[in-house]
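The values are calculated or read from the model by the stated rules, or taken from the named source; none is laboratory data. Since the structure is predicted, the reported quantities are computational estimates derived from the model, not experimental observations. Virtual Cβ from ideal backbone geometry, glycine too; neighbours counted across all protein chains shown.
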Amino acid sequence: MLVWIVVAPLIGVLVNGVVFASGLWKKLLNGDEHTEKRIVSFVGCGVILASAVLSTLAFLKLRLTDERQIIQELFVWIPSGELKIGFEFLFDPLSCVMSLVVTWVSFLIHVYSIGYMHEDRSYSRYFTYLNMFVFFMLLLVLGNNFPLMFVGWEGVGLASYLLIGFWYEDAEKAYAGRKAFIVNRIGDFGFILGIFLIFFVFGSLNYQEVFSRALSPEFMDAIPQAVITTIALLLFVGAVGKSAQFPLYVWLPDAMAGPTPVSALIHAATMVTAGVYMIARCNVFYSQSPTAQMIVVGIATFTAFLAATIAITQNDIKRVLAYSTVSQLGYMFMGVGSGAYVAGMFHLVTHAFFKALLFLGSGSVIHALGGEQDIRKMGGLRRFLPVTSITFLIGTLAISGVPLFSGFFSKDEILGALYEKGYGICWFIALVTAVLTAFYMLRLYILTFEGKPRITEDLKHHIHESPPSMLIPLVILAVLSVAGGYIGIPEFMWKSIGIEGENLFERFLSSSILSTEQITHHALPHGSLTHWGLVGLSVLAAFVGIALAVYMYAITPLLPERLTEKPIVSILYRGSYGKWFVDEIYDLVFVKTFVNLSKLLALFDLKVIDGAVNGIAGAIRALASVLRTAQTGLLRFYAALMAIGVTAILVYMILSARF
């Protein structure tokens, strides 16, 4: 069963890629475009639905097994001496959660794409790449060893490059694809070094063998602490690139160049969650290295805050959501970095629901406005796009952490874990970031859907709600953005209302967390008052951000412009709007430096290396020209030369004998 979960999307890649994207359908079968799109849609969505159903069946089967894991080995993939790497899949609670999220959310995005991409002339190529993305992501999360994870890891990088630069005729979009690919290679270099070090230390790359040895006191006593820390940090370098953490986050906002459903797939269900999953899978290493945990939490906290400060001033609807993804990924890494692996994974799940909803909602807006993405040119769209506006508001409240929505439960768990572990400064910064999150998301909603319409009069008469293929996924994701949080209600909340309940998500996932530490919010030893105090601060942060946004953009809409006239605010605004000029700094320090260095090396190669080679060749050619003059072909000339030679020899011999 497991192999078909992975293979199903690959079938879609082969069918849509070979038959349709290659032109075979039109050239050899004389097929028409309308029929082609119907078949491509059926195949592209059908294989993902099949994978999702199989994942659900595997989940039901997993619940009945005592071992809490299903392993399917197909064949020995890499036999090399004592090293034997199998092509095998692992379905345990951790990979089960990822598989369900990836397949079902991806299926909704595929269905949405039918309406969004219907007029695109590269429709079949789009679904081929989309299926490829899901295939590699499933290979990443279901593989039972590090090499298989790495193949999936690199595969999603390739698929993201193809999808971000999907409209490659546009130079800017093609550049965004290259940027994502190159920046990710930096992180991948650290990741592969970490895998090499794991093999060097543990003598295996299979999860069960590596982690069992890492949990063995006898084995670990011989391993220096610095080695485990190095492994953890090298793996984290890979996560920093793939999951867009500082300093390698710069590719993700530019990934908005691709079609909007691609943005939803990258930001919600696939690529950027890979780093969080990898750290949760390798929790044994991080739990044994406080130094690595501290570094992960520190970078994650800074990333979350930095991205939030940028998002508050952006005017591109997709770019605001892109920076919100970077910020929310920071929260996930705060969770897994502090040892609250369940909380981090819980936020990954809820984020997949509301971030997919928000991106697809923004796509519905862009689709209705004919491609417009500037929120300053929107406003008042609620009356024209009622379903889109309601679902977008639900996603906004969920990501803001408003009570009863999914984001409230998962974000609160992470904040509680930071407080418990003693990351006081990080907890405070995360709380401030929660205020900023609620602020920029309500700002986005108000400027897009509320107030007076700022669209053209002509557009007012033509604007309409999206087709059912786009609206149905929005409604389903809106329901999940509310209900998804209830699978992870902490135990203390149940007890507060007199019910002996438990955290269902933690109970299910706990067997995949191999470390001895189990750190979640409800494990706080300070009693119910402390629990609810932290919850109260989290709720307060959300409502403060919402209140500020409503006051500044709904009640006094001219206030933001007046504030930017103040010198200090103006400086901060320009910094935030300019993304703190990180891209420009990278361009100056790295890109231009290496470009100039490459030009210098090219000049050195041309003038010095080639010059030396050409100089030697010229000297030999000149000498040959001189010697060639002696080859006249005249017998008397050769006789004269011989006479001169003999005379010279005789003179030499006479002089030598005399002296």
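Determine whether Ser113 is under 22 Å from Val276 (Cα atoms) and surrounded by 24 or more Cβ atoms within 10 Å (Cβ to Cβ). Steps first, answer last, please.
On the way: under 22 Å from Val276 (Cα atoms): no; surrounded by 24 or more Cβ atoms within 10 Å (Cβ to Cβ): yes.
For Ser113, the condition - under 22 Å from Val276 (Cα atoms) and surrounded by 24 or more Cβ atoms within 10 Å (Cβ to Cβ) - is not met.
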Inset, instruction - For region 249-262, state whether one or more residues are outside the structural domain of Ile317 (by TED's automatic domain parsing), more than 28 Å from Ser122 (Cα to Cα) and out of contact with any Asp or Glu (no Cβ under 8 Å at 6 or more places or on another chain). - result: yes
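If only one of Ala356, Ala398, Ala368 is surrounded by fewer than 24 Cβ atoms within 10 Å (Cβ to Cβ) and aliphatic (A, V, I, L, M), which one is it?
Testing whether each residue is surrounded by fewer than 24 Cβ atoms within 10 Å (Cβ to Cβ) and aliphatic (A, V, I, L, M) leaves just Ala368.
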Inset, instruction - Look through Ala356, Ala368 and report the one residue that is in the same structural domain as Phe439 (by TED's automatic domain parsing), modelled with pLDDT under 95 and under 30 Å from Glu465 (Cβ atoms). - result: Ala368
Inset, instruction - Find the residue count for region 368-391, including only residues that are part of a loop (DSSP other than H, G, I, E, B) and out of contact with any Pro (no Cβ under 7 Å at 6 or more places or on another chain). - result: 8
Legend entry - Test for Leu57: is it among the hydrophobic types (A, V, I, L, M, F, W, C), surrounded by 19 or more Cβ atoms within 10 Å (Cβ to Cβ), touching a residue at least 12 places away in the same chain (Cβ under 8 Å) and farther than 19 Å from Ile109 by Cβ: no
Inset, instruction - Go through region 282-324 and count every residue that is in a helix (DSSP H, G or I) and either under 27 Å from Tyr207 (Cα atoms) or among the small types (Gly, Ala, Ser) (or both). - result: 22
Inset, instruction - Return the residue satisfying two criteria in turn: it lies in region 121-146 and is in contact (Cβ under 8 Å) with a residue 24 or more places away in the chain and not in a helix (DSSP H, G or I), and of such residues it is farthest from Leu94 (Cα to Cα). - result: Ser122
Legend entry - The lone exception for Phe594 - which of (1) under 24 Å from Tyr175 (Cα atoms); (2) over 60 Å from the mean Cα position of the chain (by Cα) it fails: (2)
Legend entry - region 489-537, residues that are in contact with a Leu (Cβ under 7 Å, 6 or more places away or on another chain), buried (at least 18 other Cβ atoms within 10 Å of the Cβ) and modelled with pLDDT of 85 or more: Leu509, Ser512, Leu534
Legend entry - Among (1) surrounded by 19 or more Cβ atoms within 10 Å (Cβ to Cβ); (2) assigned to a strand (DSSP E or B), the one test that Trp77 misses: (1)
Inset, instruction - Spot the failing condition for Phe150; the list is (1) at pLDDT below 95; (2) part of a helix (DSSP H, G or I), and only one is missed. - result: (1)
Legend entry - Single condition Pro247 does not satisfy, out of (1) under 18 Å from Ala417 (Cβ atoms); (2) surrounded by fewer than 24 Cβ atoms within 10 Å (Cβ to Cβ): (1)
Legend entry - Unmet criterion (only one of (1) assigned to a helix (DSSP H, G or I); (2) modelled with pLDDT under 95) for Ile279: (2)
Inset, instruction - Could you check Glu565 against (1) assigned to a helix (DSSP H, G or I); (2) within 48 Å of the chain's Cα centre (by Cα) and say which number it fails? - result: (1)
Legend entry - Residue within region 175-187 that is part of a helix (DSSP H, G or I), under 30 Å from Leu514 (Cβ atoms) and of a type in the set (A, V, I, L, M) present: yes
Inset, instruction - Please tell me if Ala322 is within 19 Å of Ile295 (Cβ to Cβ) and of a type in the set (A, V, I, L, M, F, W, C). - result: no
